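Asker: There's a structure below that I have some questions on.
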């Protein structure tokens with residue numbers, strides 16, 4: 001894949017984009033040569049190929065659309081921070097539109113452990129966007145209570161190894177889907193009742209019990225694959 005650079009400006013064929021100092025530094029680090037073809041994306045879904053020349057890029061043709069056709073959101077219980085950051089990276093690579101750090105009854109981390117992590121988490125998401133070829137930067141929500149997540153618009157799918165799955169239904173590409181992944185300790189009985197009361201769907205991820213970070217990655221991959229969203 002070509003070297004990729006971010007520009008917040010509006011992109012169009014024929015435009016000349018001046019890269020920021022950070023992106024010019026990145027170009028020096030990876031040793032981009034003048035005249036080399038690169039890619040520029042705006043973080044909002046647009047991407048273009050172009051020709052690099054001393055910190056500027058002359059845009060030529062649109063880059064392929066690598067975004068998922070389905071609006072997938074991941075509500076991930078806040079787990080061990082290193083594992084949570086792995087989920088941020090991999091969910092971004094798999095095409096989610098947003099990640100909601102979710103506070104559930106059995107989250108073991110105290111709020112002070114993850115308070116103030118948003119900037120670091122956004123950087124992880126941004127680097128995953130660059131690496132994976134995406135042109136849209138997923139939104140990273142503030143930590144959100146489970147009770148607020150289960151009332152989100154669209155389809156909500158709660159993954160639980162011990163709850164019988166809901167009957168299959170058709171997946172409509174224009175309806176957003178929120179995937180709910182619990183912490184290592186699982187969901188409480190009250191949370192499961194609340195999810196049923198809010199008409200959440202229930203699904204399982206096979207016969208084995210997966211770690212929370214593994215479950216999140218597998219769930220994103222399965223839902224994306226159903227939509228041919230890779």
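Asker: Could you tell me which residue of region 1-20 is surrounded by the most Cβ atoms within 10 Å (Cβ to Cβ), considering only residues that are part of a strand (DSSP E or B) and in contact with a helix residue (DSSP H, G or I) (Cβ under 8 Å, 6 or more places away or on another chain)? Show your work before the answer.
Answerer: Filtering region 1-20 down to residues part of a strand (DSSP E or B) leaves 4-6, 16-18.
After this cut, where a residue has to be in contact with a helix residue (DSSP H, G or I) (Cβ under 8 Å, 6 or more places away or on another chain) as well, the list is 4-6.
Numbers: 4: 21, 5: 23, 6: 18.
Filtering region 1-20 for residues that are part of a strand (DSSP E or B) and in contact with a helix residue (DSSP H, G or I) (Cβ under 8 Å, 6 or more places away or on another chain), the one surrounded by the most Cβ atoms within 10 Å (Cβ to Cβ) comes out as 5.
Asker: Listed residues 107, 57, 99; which is over 30 Å from residue 227 (Cβ atoms), touching a strand residue (DSSP E or B) at 6+ places or on another chain (Cβ under 8 Å) and surrounded by 13 or more Cβ atoms within 10 Å (Cβ to Cβ)? Working first, answer last.
Answerer: Details: 107 fails: over 30 Å from residue 227 (Cβ atoms); 99 fails: over 30 Å from residue 227 (Cβ atoms).
After applying the criteria, what remains is 57.
Asker: Sticking with this one: Only one residue in 183, 176 is touching a helix residue (DSSP H, G or I) at 6+ places or on another chain (Cβ under 9 Å) and either within 18 Å of residue 100 (Cα to Cα) or not assigned by TED's automatic domain parsing to the domain that holds residue 95 (or both). Which one? Spell out the reasoning first.
Answerer: Values: 176 fails: touching a helix residue (DSSP H, G or I) at 6+ places or on another chain (Cβ under 9 Å).
Exactly one residue qualifies, and that residue is 183.
Asker: With touching a strand residue (DSSP E or B) at 6+ places or on another chain (Cβ under 8 Å) and in a loop (DSSP other than H, G, I, E, B) as the only criterion, which of 207, 165 stands out?
Answerer: Values: 207 fails: touching a strand residue (DSSP E or B) at 6+ places or on another chain (Cβ under 8 Å).
Step by step, each of 207, 165 is checked, and only 165 is touching a strand residue (DSSP E or B) at 6+ places or on another chain (Cβ under 8 Å) and in a loop (DSSP other than H, G, I, E, B).
Asker: If you don't mind, there's one more thing I want to ask. Filtering region 118-159 down to residues that are over 23 Å from residue 23 (Cα atoms) and free of Cβ contacts under 8 Å to residues at least 40 places away in the same chain, which residue is surrounded by the most Cβ atoms within 10 Å (Cβ to Cβ)?
Answerer: Going residue by residue through region 118-159, those that are over 23 Å from residue 23 (Cα atoms) are 141-159.
Checking which are free of Cβ contacts under 8 Å to residues at least 40 places away in the same chain leaves us with 148, 153.
Details: 148: 13, 153: 8.
It comes out as 148.
Asker: Restricting attention to region 177-204, which residues are touching a strand residue (DSSP E or B) at 6+ places or on another chain (Cβ under 7 Å) and in contact (Cβ under 8 Å) with a residue 60 or more places away in the chain?
Answerer: 177, 178, 179, 180, 181, 182, 183
Asker: Pick from region 184-230 the residues that are modelled with pLDDT of 95 or more and at positive phi: which of them is surrounded by the most Cβ atoms within 10 Å (Cβ to Cβ)?
Answerer: 186
Asker: Something else about it: Being over 19 Å from residue 215 (Cα atoms) and part of a helix (DSSP H, G or I) is the filter; apply it to region 129-162 and report the residue that is nearest to the chain's Cα centre (by Cα).
Answerer: Within region 129-162, the match that is nearest to the chain's Cα centre (by Cα) is 129.
Asker: Next question, about the same structure. Of all the helices (runs of 4 or more DSSP H) wholly in region 21-124, which have at least 3 residues that are more than 29 Å from residue 157 (Cα to Cα)? If you could, list the steps in order and put the result at the bottom.
Answerer: Details: elements: 21-29, 81-93, 111-114.
Filter on region 21-124 gives 21-29.
The values are calculated or read from the model by the stated rules, or taken from the named source; none is laboratory data. None of the values given here were measured: they were computed from a predicted structure. Glycine gets a Cβ as well: all are built from the backbone with ideal geometry, and neighbour counts include every protein chain shown.
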